[in-house]
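Notes follow the structure.
The values are calculated or read from the model by the stated rules, or taken from the named source; none is laboratory data. The structure presented is a predicted model; accordingly, all values stated were derived computationally and were not measured. Every residue, glycine as well, gets a Cβ built from its backbone with ideal geometry; the counts of neighbours run over all protein chains shown. Side chains included, ligands, DNA and RNA excluded: accessible areas come from the protein's heavy atoms. Shrake-Rupley method; radii C 1.70, N 1.55, O 1.52, S 1.80 Å.
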Amino acid sequence: MLEKILILLCLSSALAEQPCKPDASDGYKVRLSIKTALGDEAYVWNENEMFLFRATLAFAMRSHLNGQEFDVSNIIVCDETPRVTFWFVVTSPLNTSGLVDKGVVEEAIRMSRNRINSAFLLTDKTLEFIGITPTLTAPVNPDTPPWLIVFGVVMGAVGAGIIVVLVSPLVLKKRKKNEETDEDEEETGVKAVENGSTREGVYNMSFSDDERLTQM
Amino acid sequence: VCLDKESYSGVEERPKWDNKIQYLLTCIGFAVGLGNIWRFPYLCQIYGGGAFLIPYLIALVFEGLPLLYLELAIGQRLRMGSIGVWKSISPLLGGVGIASMIVSFLVSIFYNTIIAWVLWYFFHSFQNPLPWSQCPLNDNHTGYDVECEKSTSVNYFWYRQTLNITPDIETSGSLQWWLVICLASAWCVVYICFIKGIESMGKAVYVTATFPYLVLTIFLVRALTLPGATDGLVYLFTPDWEILKNPQVWLDAATQIFFSLSVAFGGLIAFSSYNSERNNCERDAVLVGVINSATSLYASISIFSILGFKATNAYNSCREDNILDLTNHFELSDQNMTLENYYQWYDYLNSTFPDEVASLPLKSCNLQTFLDQSASGTGLAFIVFTEAVMEMPGSQVWAILFFIMLLSLGLSSMFGNIEGVLTPMHDLKIVPKWIPNEVLTAIICLASFLMSLIFTLGSGNYWVEVFNGYVGSVPLLIIAFFEIIGVIYVYGMKNFSEDIYFMTGSRPNIYWKACWMVISPIMLLAVLIAYVGLQAQKHPTYPTWNPDYELFPQTQVKDYPDWVFAIILLLCIVPVISIPVVALYELICCKIQRSSARAEPTHISFHDNKTGFI
């Protein structure tokens, strides 16, 4: 009789100290994909890595709940698989049989997610807490959209090109006109002298001084 | 009676090409356009790959080359734009030139909108990461934007962030300012190339006509080094001979050749009118036609290498998603199941745990399905290709190269369209002489820009499809038909042969004569009737992007409302109405003049300032 009561007591106490089980109401499932993330440089998952995980999680709980001294022993892990998935629950340091609320654990993990990821050289996708969605990084939105800059450069070049092409023939024409008036004045002067010196042959009206006046 | 040289003494100095290469590059650039990149590969794909080349080459030989040779020859001989040429041949045919001008104008309006879209993507290719690779967050930052999640980020960028498209054509939306400034820059680029007429354009084509070939080669070399390229090529060129029994294939081949060569726009006539008179236009026509088709083929090789790579990537990620689901469910070790042993694992798991495997949301991954996803037109360029570019290392470089190539292709075709508008305006002599050419070009560009603002509305893409489908199709077929009848039967085959003898030194041989007199007109008529018949069979519909549709992201097919249908009919009829109108007008005028002239002994010749041969 006594042995039966003892066995029952042992069993119940053993059962009572089984807070971690799959689908625990206050526990989370963790999935690691080490080979996917690191390829050839993947490390082997062993006891030491598990210890690091528990220590990192204790750190996260400590950072979130300031004052409560979480220890590695507060993080209980179970149901490990070759996939490298396992369940964990967090016990409170003030009351070892009581579990910390799921929501509190989630907040703690969210806060320190980056640190937890870096401890294992993993990312949000390769170190998954099933049920805790990673916060999405907002796409970078610079003040001046880059496309406007490129647009400005291209349009500036095109606009400058249009102005240059339109204005340069006018400028050239003006310059030519000035040169032509100078040249013509010289020509008529020279020709008049030549014709005047020979004074033979037919007087060519086209090179008279009237030319200079009509040029204006 | 042939034209003789003395009649040209009074004609003003016509601009000339700097050299033969410029002329050839301009014609090739005009013929080779966006359709070679995004229409021909699609047709090849859906019509059984290698087998499609047979109707395509037959159409080229019997329809494309004769029309091309005809246009280049009359342009070179009569040395005027499309209106002047047709008025010279017969005043009754003056309407053909006007029709060409109207079609060129309408096409240039929507074509430049496509260039504006290319510019928009080009400006956005200078960012890391590319803007179409990520979905934006929704308003309270808890997840991604709903529309983007349901479709893909590439679709979202095209339909929402570029076009800001409305659910159907009746909802016009407002002017999208970013598209307006892209459109303005597109018109400015066209203007600067056209400022000095063919002097400036001739220099621009050295770049715009040759750059696409360079980019296609670069893409081809790059794509061949990517996995899956050969799958794409094998898929493209595997012939399906059964497809030749389908008459739709022959119709599409004929229309593709016709629209690809850009005949009946008047641009080719204008370009060849700037040639010297004794130029071998026969060789030019064959060269341009063959190079155009060869470019289509080359482009489809490049495009399909890239698409093969994209399909392989999609197939691999489909399988990898399945692998992840299976690995997670069965708690297998990470990376134990890979792409190589996927099928063995799957068979094993399916045989041992069939119920569990069936309960998982596994996708069926088939490479053929991914290769079958075809797209043409803007869908190919802005959705499929941008997605492919994202997966290539160094995406920005490839995106920039691709969009500069599209820009070059579009610009060189725009030159032909604008030329088809400007040269007839000079011929019509409605522009007073004191307006310099630069100002006239500026006025045309400004007017076109203002008209093309319709395409920057929310429903702009739907309107582009309307214009693309109806302006750039039936009117061109009608104009080409009248062109060939006009030259061969009104002007006379004999006169035309003599002109060609004058220009090239030899008369056209039996092949050309047979094509011009019999084969090409019959083919054109058959294509026209079949095309109109097919269009008229069902009420025209169009695909819309409607986020509220139950089956979103599939496009919802809607009917065109009646007022849009009326506009479509107008777009088909208005260009070609000028042909009978002008003919009637000339007949009436001629009769009136003749009856009044008979009353007087001395009469003024009706054609005194035209090259008189009637």
Subject >> Computed magnitude of the charge dipole of region A:17-130 (debye, nearest 20; Cβ of K, R +1, Cβ of D, E -1) >> reply: 260
Original post:
Using a ≥ b ≥ c from the Cα gyration tensor of the protein assembly as shown (square roots of the eigenvalues), is it rounded, prolate or oblate, where a/c under 1.5 gives rounded and otherwise the larger of a/b and b/c decides, a/b for prolate?
Top reply: prolate
Original post:
To the nearest 100 Å², how much accessible surface do chains A and B hide from each other in total, with a 1.4 Å probe?
Top reply: 2500
Subject >> Reachable lysines, given that their alpha-carbon falls under 28 Å from the alpha-carbon of residue A:174 and they are not under 8 places away in the same chain >> reply: A:191, B:16, B:196, B:203, B:433
Original post:
Normalised by the number of residues in region A:37-114, what is the relative contact order in percent for Cα pairs under 8 Å and 6+ residues apart?
Top reply: 25
**OP:** Choose one of B:32, B:422, B:504: the residue whose Cα lies farthest towards the positive end of the charge dipole of the protein assembly as shown (beta-carbon charges +1 Lys, Arg; -1 Asp, Glu; about the Cα centre).
**Re:** B:504
Original post:
Out of residues 5 or more away from residue B:459 or on other chains, whose amide H comes under 5 Å of its own, with H placed 1.01 Å from N in the peptide plane?
Top reply: B:166
Subject >> Computed E for residue B:141/residue A:5 - FRET, C-beta separation, R0 60 angstrom, nearest 0.05 >> reply: 0.55
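Once the Cβ-Cβ distance between residue A:154 and residue A:94 is put in as r, and R0 is 41 Å, what FRET efficiency do you end up with, to the nearest 0.05? Display every interim value, and only then the final one.
On the way: r = 66 Å, r/R0 = 1.62.
Efficiency at R0 = 41 Å is approximately 0.05.
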Original post:
About the Cα centre of the protein assembly as shown, what is the dipole size in debye to 20, counting +1 per Lys and Arg Cβ and -1 per Asp and Glu Cβ, all else neutral?
Top reply: 2160
**OP:** Per residue of region B:165-178, in order, report the coupling 6.51 cos²θ - 1.76 cosθ + 1.60 (Karplus, θ = phi - 60°) as ³J(HN,Hα) in whole Hz, putting x for Gly and Pro.
**Re:** 6, 8, x, 7, 6, 6, 7, 7, x, 10, 5, 8, 4, 5
**OP:** Would you jot down the residues in region B:130-161 that end up with at least 50 Å² less accessible area in the complete protein assembly than in the chain alone, with a 1.4 Å probe?
**Re:** B:137
**OP:** Give, ordered by residue number, each residue of region A:82-98 whose 1.4 Å probe accessible area is reduced by a minimum of 30 Å² on adding the remaining protein chains to the chain alone.
**Re:** A:82, A:83
Original post:
Ignoring ligands, DNA and RNA, what percent of the accessible area of region B:280-418 is carbon or sulfur (1.4 Å)?
Top reply: 56
Subject >> In order through region B:35-44: 3J(HN,Hα) via Karplus (6.51 cos²θ - 1.76 cosθ + 1.60), integer Hz, x for Gly, Pro >> reply: x, 5, 8, 10, 10, 5, x, 5, 5, 4
Original post:
Counting only residues 5 or more places away or on other chains, whose amide H sits under 5 Å from the amide H of residue A:122 once H atoms are built in the peptide plane?
Top reply: none
Original post:
Where the centroid of each part is defined by its Cα atoms, how far is region A:38-110 from region B:25-97 in Å?
Top reply: 73
**OP:** Would you please classify the overall shape of region B:106-177 from the alpha carbon gyration tensor, given that a ≥ b ≥ c denote the square roots of the eigenvalues, rounded means a/c under 1.5, and beyond that prolate means a/b larger than b/c while oblate covers the rest?
**Re:** oblate
**OP:** Convert each backbone phi in region B:188-193 into a coupling constant with the Karplus relation 6.51 cos²θ - 1.76 cosθ + 1.60 (shift: θ = phi - 60°), then list the ³J(HN,Hα) values in order as whole Hz, x for Gly and Pro.
**Re:** 5, 5, 4, 4, 5, 6
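Taking only DSSP H segments of four or more residues, each worth -39500 (n - 2.57), what value at 222 nm results for the protein assembly as shown once the sum is divided by all its residues, to the nearest 500 deg cm²/dmol?
Per the formula, -19500 deg cm²/dmol.
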Original post:
What are the residues whose amide H is under 5 Å from the amide H of residue A:28, where those residues sit 5 or more places off or on another chain and H is modelled from the backbone?
Top reply: A:88
**OP:** Quick one: pull the percent of accessible area on region B:103-146 belonging to carbon and sulfur, 1.4 Å probe, ligands and nucleic acids left out.
**Re:** 53
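Per residue, what accessible area does region A:17-130 have, given a 1.4 Å probe and all protein chains present, in Å²?
52
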Subject >> Solvent-accessible heavy-atom area per residue, rounded to whole Å², over chain B at 1.4 Å >> reply: 42
Original post:
What angle do you read, to the nearest 10 degrees and between 0 and 90, between the alpha-carbon axis of helix B:211-224 and the longest principal axis of chain B?
Top reply: 30
Subject >> Residues losing 10 Å² or more accessible surface upon assembly, region B:187-214, compared with the chain by itself, 1.4 Å >> reply: B:188, B:189, B:191, B:192, B:195, B:196
